Amino acid sequence: MAAITTNPTSEKPYGITNIKAYVPLTLDLDELNYDSWRELFETHCIGFGVLGHIDGTSKPTALTNNEWRKLDSLVKLWIYGTISKSLLQMILKKGVTAYDVWQSLENLFRDNKDVCAIQLDNDLRNIEM
């Protein structure tokens with residue numbers, strides 16, 4: 001568990017004013033772009049030192065609780081800013097962490113992947129030449 005200190009690297013995420021400049025894709029159920037969006041978003045989080053907020057490895061301590069909550073809220077805002085309105089309405093819940101939101105999206109798209117594969121297989125089998 002990494003301690004959060006007030007140095008330039010922990011202040012770096014607060015400098016993001018336009019998440020779309022870093023993650024230009026909008027995650028949407030109809031676009032089938034989850035894997036690409038996820039890669040861009042994770043890369044962004046690694047670069048800004050907040051990956052632990054989406055992979056569950058970052059936990060607050062008594063000493064870092066306020067700073068951790070600020071960073072976690074920031075990561076949630078990044079997620080909310082890069083998904084479609086319909087997805088936002090599906091996952092927006094009070095009192096959840098960035099990790100919870102990340103897991104909701106993961107479950108939604110990973111569960112949906114099997115359904116999409118079956119549907120595509122059925123469509124392929126029903127094509128008339």
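Taken over the stretch 75-102, residues that are out of contact with any helix residue (DSSP H, G or I) (no Cβ under 9 Å at 6 or more places or on another chain) and either touching a residue at least 12 places away in the same chain (Cβ under 8 Å) or aliphatic (A, V, I, L, M) (or both) amount to 2. Exactly one residue out of 61, 26 is in contact with a strand residue (DSSP E or B) (Cβ under 9 Å, 6 or more places away or on another chain), of a type outside the set (D, E, K, R), touching a residue at least 40 places away in the same chain (Cβ under 8 Å) and farther than 15 Å from residue 99 by Cα: that is 26. Within the stretch 12-36, if we keep just the residues that are hydroxyl-bearing (Ser, Thr, Tyr) and within 15 Å of residue 86 (Cβ to Cβ), the residue that is surrounded by the most Cβ atoms within 10 Å (Cβ to Cβ) turns out to be 34. On the stretch given as the stretch 42-54, residues that are open to solvent by less than 40 Å² (accessible area, probe 1.4 Å), part of a loop (DSSP other than H, G, I, E, B) and aliphatic (A, V, I, L, M) total 1. Looking across the stretch 76-115 at every residue that is of a type in the set (S, T, N, Q) and either closer than 20 Å to residue 18 by Cα or open to solvent by less than 30 Å² (accessible area, probe 1.4 Å) (or both), the one that is nearest to the chain's Cα centre (by Cα) is identified as 82.
In the stretch 55-65, what residues are open to solvent by less than 50 Å² (accessible area, probe 1.4 Å) and under 20 Å from the mean Cα position of the chain (by Cα)?
Answer for the stretch 55-65, where residues must be open to solvent by less than 50 Å² (accessible area, probe 1.4 Å) and under 20 Å from the mean Cα position of the chain (by Cα): 56, 58.
Given the structure, is residue 68 more than 12 Å from the chain's Cα centre (by Cα), part of a helix (DSSP H, G or I) and either aromatic (Phe, Trp, Tyr) or modelled with pLDDT of 90 or more (or both)?
For residue 68, the condition - more than 12 Å from the chain's Cα centre (by Cα), part of a helix (DSSP H, G or I) and either aromatic (Phe, Trp, Tyr) or modelled with pLDDT of 90 or more (or both) - is met.
Remark: residue 39 matches the filter, which requires a residue to be modelled with pLDDT of 95 or more, exposed (fewer than 15 other Cβ atoms within 10 Å of the Cβ) and closer than 26 Å to residue 110 by Cα.
The values are calculated or read from the model by the stated rules, or taken from the named source; none is laboratory data. Keep in mind the model is a prediction, meaning the values are calculated, not measured. Cβ: placed from backbone, ideal geometry, glycine included. Neighbour counts: every protein chain shown. For the accessible areas, the whole protein counts, side chains as well, though only heavy atoms, and no ligand, DNA or RNA atoms are used. Shrake-Rupley method; radii C 1.70, N 1.55, O 1.52, S 1.80 Å.
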